[in-house]
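All remarks here apply to the structure that follows.
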Amino acid sequence: MTISENGKQLSFKFNEPAPCFELSCKILEQENIQSMLPFTARHHNDGEEIIFSLELPNIVHLSEVLDKLGNNDIIDLLYELFFVCERIEENGFLKKECVWYKYEHIFYDLEQNCPMLAILPITGEFRYSGGLGWGERLENTVARISEFLSAGRAKQVIDITSMFAGGHLGIGDALDGINRLGAGTSDLLVNKTVLAPDAALKLLYVSRSGELAFDIKESDFVIGKDGGGADGIIPDGISKAVSRRHCSIIKLNNKYFVQDLDSTNHTFVNGGFIPAYEIMELADNDILSVADVEFRVRINQI
């Protein structure tokens, strides 16, 4: 695929025949997606081409407005970026990989206050230029946008994006997670989703060597050894096998996940090994093993 932009149009030329190209273009036209740049499609002897117009009133590159947007406006923007995935997959034919999430090719409508994206008529996964996959490009783009958020919100947005791109979070859960970051302040989001009751997590450990109880309210709670910069400290009197920063509990969209932080003696859920930096969801009554310390997981709605 050959990509070119001249300030007036953004063009994608498929050097090999694109499956169901004409049908996919018709479906895109019928979807009437607010955040999609208008396009024309044409067939060449050596392949198909789709051309997105950039000569539209009130359309500027996203980079021109980010420093003028407040935190809640950027949350709105991110919600819309993710919402396009849900709209695309509603038809059951096109896939989220249709959305071209390259930062340099994302624009902004000053009148509608929404991002404008190129959406490609493809029916499967493909590799982005530079060898990046769809999820990697999405993560890179969100990271650049998140530079304009407060540090706390940026961390949560990046976590949500990483889990969505990695298949650990569905699009509905990702949208709800972003919605929570703007709930109560964002006019755009107020009627889009209904917030579920909040959830609280507690980790309980009881043995002859001592007792521990961690009530986790933060969105990122690190468990580890005393003096290791952890939020939940496991003292040497209970275990000497725990690393300084052993694992992290992450809360996203009212769900809890554990991530091993490349610990020496590993992290397990119900006996299942978690590779370093991978993420696993926690459920009520699970057994979370931090090295040789076994916690009972309790998740309650509040």
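Data for the structure
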{"read-out": "Residue check for Ile74: over 27 Å from the mean Cα position of the chain (by Cα), crowded, with 18+ Cβ neighbours inside 10 Å and either assigned by TED's automatic domain parsing to the domain that holds Leu117 or closer than 25 Å to Tyr108 by Cβ (or both)", "value": "no"}
{"read-out": "Yes/no for Phe12 being among the hydrophobic types (A, V, I, L, M, F, W, C) and within 14 Å of Ile106 (Cα to Cα)", "value": "no"}
{"read-out": "Subset of the range 270-280 [assigned to a loop (DSSP other than H, G, I, E, B), modelled with pLDDT of 90 or more and surrounded by 13 or more Cβ atoms within 10 Å (Cβ to Cβ)]", "value": "Asn270"}
{"read-out": "The one condition in (1) over 26 Å from Leu175 (Cα atoms); (2) exposed (fewer than 15 other Cβ atoms within 10 Å of the Cβ) that Ala283 fails to fulfil", "value": "(1)"}
{"read-out": "Subset tally (residues that are under 18 Å from Val297 (Cβ atoms), charged (D, E, K, R) and not in a loop (DSSP other than H, G, I, E, B)) for the range 198-238", "value": "4"}
{"read-out": "Any chance Ile50 is in contact with a Pro (Cβ under 9 Å, 6 or more places away or on another chain), in the same structural domain as Ala174 (by TED's automatic domain parsing) and either among the small types (Gly, Ala, Ser) or not in a loop (DSSP other than H, G, I, E, B) (or both)", "value": "yes"}
{"read-out": "Counted residues, the range 268-298 - those being within 20 Å of Lys225 (Cβ to Cβ) and in contact with a Gly (Cβ under 8 Å, 6 or more places away or on another chain)", "value": "1"}
{"read-out": "Pair list, Cβ < 6 Å and 6+ apart or interchain, from the range 48-74 residues that are at pLDDT below 90 to residues that are among the aromatic types (Phe, Trp, Tyr)", "value": "Glu48/Phe14; Glu48/Phe21"}
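Conditions tested, residue by residue: (1) assigned by TED's automatic domain parsing to the domain that holds Asp176; (2) closer than 23 Å to Ile171 by Cα; (3) surrounded by fewer than 13 Cβ atoms within 10 Å (Cβ to Cβ); (4) in contact with a strand residue (DSSP E or B) (Cβ under 6 Å, 6 or more places away or on another chain).
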site	(1), (2), (3), (4)
Lys13	yes, no, no, yes
Ser24	yes, yes, no, no
Ile33	yes, yes, no, no
Ile88	yes, yes, no, no
Lys95	yes, yes, no, no
Cys98	yes, yes, no, yes
Phe107	yes, yes, no, yes
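The values are calculated or read from the model by the stated rules, or taken from the named source; none is laboratory data. Keep in mind the model is a prediction, meaning the values are calculated, not measured. Positions of Cβ are backbone-derived with ideal geometry, glycine not excepted, and every protein chain shown enters the neighbour counts.
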